[in-house]
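Structure first, then comments.
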Amino acid sequence: MSTPTSSRTSAEIASQPDCWRQAADVLPEHSTALPRRGERVAVVGCGTSWFMAQAYAALREGGGQGETDAFAASEFPQGRDYDRILAISRSGTTTEVLALLDRTRGAVPTVAITADPATPVMTAADSVVVLDFADEDSVVQTRFATTVLALLRAHLEAECGPPAGVSPLAVAVRDAEWALDEPLAPEWPRAEQFTFLGCDWTYGLALEAALKMREAAGAWTEAYPAMEYRHGPISIAAPGRVVWGFGRLPTGLAKDVAAVGGTLIAQDRDPLAELIRVQRLAVAIAESRGLDPDRPRNLTRSVVLEDRDV
């Protein structure tokens, strides 16, 4: 396969700061459908959407806005009481998400966030937030997932009242522009292995970073809560292998990685913006290997199963 000279995925990655701004702009249209302060909320999705659900759940609960759990849609615990279920599905056709919305119809209010207004999720959920401006041609998700989280972060900020100074989402947009312009180190695409680490809400981003590298580039990647890294995963650290942190890292971890010859990447930037650098690196590795990042092997844009496979 010939190496693509300019992928659609790269263009979608580059559009993220504008998408995040637009998400904040359209928030007033959708705020009544989104979780309210004090509600007990379950957030569900599959793949990348599940990892965004994890990040949002930690942000919401950590911000004191209510108990919030995140589940892969197939693992939602039946019989547990929630005030609202929030489902994330770019395609609006994901079998497990639609099945969950069908099972819970009438029992609990449901809202879905999707990119496509012409799909079954539009009638499966009680309320729907459509972010069609962030939809993607690529199989691999980049801008839709981060735009969902940008919208939800903006909603959390709004629920807390006007921020003092620059809003966290505005900082994220600024840092996203930096992440698009900052050159990738030439040795990163040659690394043998990547481990991504996060704390609290950034653990979901670490999981997503690892998935992005596997999907687009077929790279050997792992992800862990940062404090868990010393409990076994550090055993594979070595020269030519990378440890990439999202947000705050435990004291002394940089020294531990250096002691075993690993390369630590960590920036004092908004963690969602840092995910953009990983997306860019995934594309760079894919292209260096002659792979098409827009159409990764073994994957489709949406997982739609036959009834017998559910």
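The values are calculated or read from the model by the stated rules, or taken from the named source; none is laboratory data. Every value quoted in this text rests on a predicted model; they were computed, and no experiment measured them. FYI the Cβ positions are ideal-geometry reconstructions off the backbone, even for glycines, and counts take in every protein chain you see. Ligands, DNA and RNA are excluded from the accessible area calculation, which covers all protein heavy atoms including side chains. Shrake-Rupley method; radii C 1.70, N 1.55, O 1.52, S 1.80 Å.
Structure data summary
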item: Matching entry among Leu169, Leu197, Leu184 (being open to solvent by 30 Å² or more (accessible area, probe 1.4 Å) and either aliphatic (A, V, I, L, M) or out of contact with any Asp or Glu (no Cβ under 7 Å at 6 or more places or on another chain) (or both)); result: Leu184
item: Answer from Val173, Val139, Val129 - the residue that is part of a loop (DSSP other than H, G, I, E, B), among the hydrophobic types (A, V, I, L, M, F, W, C) and under 21 Å from the mean Cα position of the chain (by Cα); result: Val139
item: Residue among Glu208, Glu222, Glu215 that alone is acidic (Asp, Glu), closer than 28 Å to Cys46 by Cβ and in contact with a strand residue (DSSP E or B) (Cβ under 7 Å, 6 or more places away or on another chain); result: Glu222
item: Top-ranked residue in region 200-214 [being within 16 Å of Tyr229 (Cα to Cα) and out of contact with any Leu (no Cβ under 7 Å at 6 or more places or on another chain); ranked as surrounded by the fewest Cβ atoms within 10 Å (Cβ to Cβ)]; result: Asp200
item: Single residue of region 44-88 satisfying the filter (in a loop (DSSP other than H, G, I, E, B), in contact with a helix residue (DSSP H, G or I) (Cβ under 8 Å, 6 or more places away or on another chain) and without any contact (Cβ under 8 Å) to a residue 60 or more places away in the chain) that is most open to solvent (accessible area, probe 1.4 Å); result: Gln78
item: Test for Leu100: is it aliphatic (A, V, I, L, M), open to solvent by 20 Å² or more (accessible area, probe 1.4 Å) and on the phi < 0 side of the Ramachandran plot; result: no
item: Total residues in region 225-239, condition surrounded by fewer than 21 Cβ atoms within 10 Å (Cβ to Cβ) and within 17 Å of Glu274 (Cβ to Cβ); result: 1
item: Options Thr93, Thr32: the member that is assigned to a helix (DSSP H, G or I), farther than 15 Å from Ala150 by Cβ and of a type in the set (Ser, Thr, Tyr); result: Thr32
